[in-house]
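A quick write-up on the structure given underneath.
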Amino acid sequence: MYTITQLAREFKLSRATLLYYEREQLLVPAQRGQNGYRWYGEKEAQRLQLILSYRAYGLPIADIKALLNNDGNFNQSEILLQHFQHLENEITILRQQQKAIVAFLQQPQLLETTMVSKERWVEIMRAAGFNDDAMTRWHRKFEEMEPEEHAAFLKSLGISDMEIKRIREM
């Protein structure tokens, strides 16, 4: 069993974070001692690990709560795909903001820098529930619908021309 301080140390979190998760009903102590101490077991430690994984993906607390409480209206893939779409929209907005700044600064070479690496993009796709087949389908659809944008996107990931050609021919 862990006290709140021990659990916080184990996961490199603040005590306040664990208290916040308790207030949000994400993580409840297994028991409370007569002295008011909170005690957490392995089940709670595993649940905390899951919470931290979802937080690492950037999921909001409300979505994490729905996933952990097995709310029948939501499933993990659906929530992660919705979040992935949200991130994609944010990236688009950020790139537009970058273009506006570049235009203001009149330094177009700034747009040539790699924004997200191929490795990071694959990591994001996997975190959203995509396996290799799903990623291939995604690329095919992107190529079919927006071939020039697809090529530009692949180039922005820092992928070599030879690999871009292979991906576009899938």
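The values are calculated or read from the model by the stated rules, or taken from the named source; none is laboratory data. Keep in mind that this is a model prediction, so the values were computed, not measured. These accessible areas exclude ligands, DNA and RNA; they are computed on the full protein's heavy atoms, side chains included. Shrake-Rupley method; radii C 1.70, N 1.55, O 1.52, S 1.80 Å.
With contacts taken as Cα pairs under 8 Å and at least 6 residues apart, the chain reaches a relative contact order of 15 percent.
For region 1-62, which whole-number percentage of the solvent-accessible area (1.4 Å probe, protein heavy atoms only) is attributable to carbon and sulfur atoms? Carbon-and-sulfur percentage of accessible area, whole number: 48. Only aspartates and glutamates eight or more places from LYS165 in sequence, or on another chain, were considered; those with a Cα closer than 16 Å are GLU143, GLU144, GLU146, GLU148, GLU149.
When the helices of the chain are scored as -39500 (n - 2.57) per DSSP H run of n ≥ 4 and the total is divided over every residue, the value at 222 nm lands at -20500 deg cm²/dmol.
The lysines within cross-link reach of LYS12, meaning a Cα-to-Cα straight distance under 30 Å and a gap of 8 or more places when in the same chain, are LYS43, LYS65, LYS118. Give me the Debye-computed log₁₀ of I(q)/I(0) at q = 0.09, 0.11 Å⁻¹ for the chain, equal point scatterers on Cα only, no solvent, two decimals. Debye intensities relative to I(0), on a log10 scale: -0.48, -0.66. You can think of it this way: the chain between ARG126 and ALA62 has 20.9 nm of extra reach, that is 0.36 nm per residue less the Cα-Cα gap.
Using only the Cα atoms, what convex hull volume per residue in Å³ does region 9-73 have?
In region 9-73, the Cα convex hull volume per residue is 96 Å³.
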